[in-house]
Amino acid sequence: MPKDEVALMQQVHDEHADVLWRFCLRLVGNDRGRAEDVTQETLLRAWRHGTILESPPAAVRSWLFTVARNIVIDDWRARKARPETPVDEVPEQRRSVEDDESDQLLLSWVVAEALTHLSEDHRTVLLECYYRGRPVAEVARRLGVPPGTVKSRTHYALRALKLALEEMGVSA
């Protein structure tokens, strides 16, 4: 990135980031982590659309607020399309006496191998949330990240795990 673009982005950040974050905080119902994520995504989109940064400050702020609002709306629509129900405790799984332990053992080896193909962040959230059964809030606190980041990492980690399993010849 040329120096003048860096300076321009820094100026946009200095002029608008604080107000934009407060706007996002109201949009997401005072969820600080989500507000940070939306603010970051908005500024990233501004950087990608560099021509907007050369507009007058009022136009830039208006554009930023519109983009932030659209990000929140898109996220809300996506959640509505595939709702998730957060729970505090992992539900107990019932096992049949007739279950074959060798299949379970083989499956655990395959999944353990597939986990090695994931990034450290993705592997960590899956281990914490699924294998250790910790709630999202506790995992977020342990990792020092917002709960929304844990949810996002979990979503993408599951997708990456599915892809890794498919590459190993395992299908659902």
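ALA114: open to solvent by less than 90 Å² (accessible area, probe 1.4 Å) and within 25 Å of ALA35 (Cβ to Cβ), yes or no?
Spelling it out, it is not the case that ALA114 is open to solvent by less than 90 Å² (accessible area, probe 1.4 Å) and within 25 Å of ALA35 (Cβ to Cβ).
Of the residues that sit in the stretch 4-58 and are small (Gly, Ala, Ser) and in contact (Cβ under 8 Å) with a residue 24 or more places away in the chain, which one is surrounded by the fewest Cβ atoms within 10 Å (Cβ to Cβ)?
GLY50
If you take the residues in the stretch 59-90 that are among the β-branched types (Val, Ile, Thr) and more than 17 Å from the chain's Cα centre (by Cα), which one is least open to solvent (accessible area, probe 1.4 Å)?
Among residues in the stretch 59-90 that are among the β-branched types (Val, Ile, Thr) and more than 17 Å from the chain's Cα centre (by Cα), the one least open to solvent (accessible area, probe 1.4 Å) is VAL60.
For the subset of the stretch 117-142 comprising residues that are among the hydrophobic types (A, V, I, L, M, F, W, C) and assigned to a helix (DSSP H, G or I), which member is surrounded by the fewest Cβ atoms within 10 Å (Cβ to Cβ)?
Only one residue fits best here, namely ALA137.
Out of all the residues in the stretch 148-164, is one or more surrounded by 10 or more Cβ atoms within 10 Å (Cβ to Cβ), within 30 Å of ASP31 (Cα to Cα) and at pLDDT below 85?
No, the stretch 148-164 contains no residue that is surrounded by 10 or more Cβ atoms within 10 Å (Cβ to Cβ), within 30 Å of ASP31 (Cα to Cα) and at pLDDT below 85.
The values are calculated or read from the model by the stated rules, or taken from the named source; none is laboratory data. Keep in mind it's a predicted model, so treat the numbers as computed, not measured. Note that we place each Cβ from the backbone using ideal geometry, even for glycine, and neighbour counts take in every protein chain shown. Remember, those area values only see protein heavy atoms, side chains included, never the ligands or the DNA or RNA. Shrake-Rupley method; radii C 1.70, N 1.55, O 1.52, S 1.80 Å.
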